[in-house]
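Below is one structure, written out as structure tokens; comments come after it.
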Amino acid sequence: MTVKTKGRPRGFDADAALDRAIEVFWRHGYEGASLTDLTDAMGINRPSMYAAYGNKEELFRRAVARYAEHDMAYAREALARPTAYQVIESFLRANVEALTRADRPSGCLSIQGGLAGGSDHGEVARFLAESRLAGERALAARLARAVDEGDLPAGTDPAALARYVMTVSEGNAVHAAAGVDRASLHATVDIALRAVPGRP
């Protein structure tokens, strides 16, 4: 006799478990986060993890997507500011606040997650680099609009300016992870903003 069984409900909050996985990847990096670390933090067993998220790499990609949606919402909000200077200042200031939150690991998941290469032949590092580059391109497009509108001086290279802003942001992320405090990171932003053309 064949007994048909219905799929069991997962019995856990998939988004909450993903948030806990984000923290593990953030603290340990992709390579350093073991499946045991992940499943223990998420409160599920390995079969449940595979059923809900796929393999470790797919779990990491979903964690990065959720991180971008929630933890980095400030980046999208900055792009909506009315002037290029406000876009850049809002992004860099909010970035410092995000890098030094008391309820999150210091630094940035997209930086910390792929610092160590490993058995994936650099796939995760390339994925993270492309994710960061997508943000840089979005900023460059917004700055190009500012040049067209006369908000930035004619001759401003929007791609180079966007790269500069992202370099400051990523450098602050590395320093935050090393324990540099919020006030010191804001002081770096103070200096960086002086290089923005057309500043008030």
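The values are calculated or read from the model by the stated rules, or taken from the named source; none is laboratory data. As the structure is a prediction and not an experimental result, all values here were calculated from the model. So basically every Cβ, Gly included, is an ideal-geometry build from the backbone, and we count neighbours across all protein chains shown. In case anyone asks, the SASA skips ligands and DNA or RNA and just uses the protein heavy atoms, side chains included. Shrake-Rupley method; radii C 1.70, N 1.55, O 1.52, S 1.80 Å.
Summing charges over all other residues whose Cβ lies under 11 Å from the Cβ of residue 88, with Lys and Arg as +1 and Asp and Glu as -1, gives +3.
Solvent-accessible area of residue 130, all protein chains in place: 90 Å² (probe radius 1.4 Å, heavy atoms, ligands and nucleic acids excluded).
Once the Cα atoms are used to define both axes, helix 123-148 deviates from the longest principal axis of the chain by about 30 degrees. Per residue, the accessible area of segment 71-195 comes to 48 Å² when a 1.4 Å probe rolls over the protein heavy atoms. Net charge in the neighbourhood of residue 28 (other residues with Cβ under 13 Å of its Cβ; Lys, Arg +1, Asp, Glu -1) is -1. For helix 14-32, report the angle its Cα long axis makes with the longest principal axis of the Cα atoms of the chain; keep it between 0 and 90° and round to the nearest 10°. With rounding to tens, the tilt is 70 degrees.
How large is the Kirkwood hydrodynamic radius of segment 75-191, in angstrom, based on all distinct alpha carbon pairs? It works out to 15.0 Å. The coefficient of translational diffusion for the chain, derived via Stokes-Einstein from the alpha carbon Kirkwood radius under 20 °C and 1.002 mPa s, stands at 116 µm²/s. Computed over Cα pairs, the Kirkwood radius of segment 26-136 leads via Stokes-Einstein (1.306 mPa s, 10 °C) to a diffusion coefficient of 104 µm² per second. Computed in the context of the full set of protein chains, the accessible area of the chain at 1.4 Å probe radius has 52% of its extent on carbon or sulfur.
Which net charge results when you count Lys and Arg as +1 and Asp and Glu as -1 among the other residues whose beta-carbon is under 14 Å from that of residue 105?
-1
Against the compact-protein benchmark of 2.2 N^0.38 Å, the Cα-based radius of gyration of segment 14-67 scales to 0.94.
Between 173, 63, 183, the residue with the greatest mean-square fluctuation in the GNM of the chain (Cα pairs under 10 Å linked by springs) is 183.
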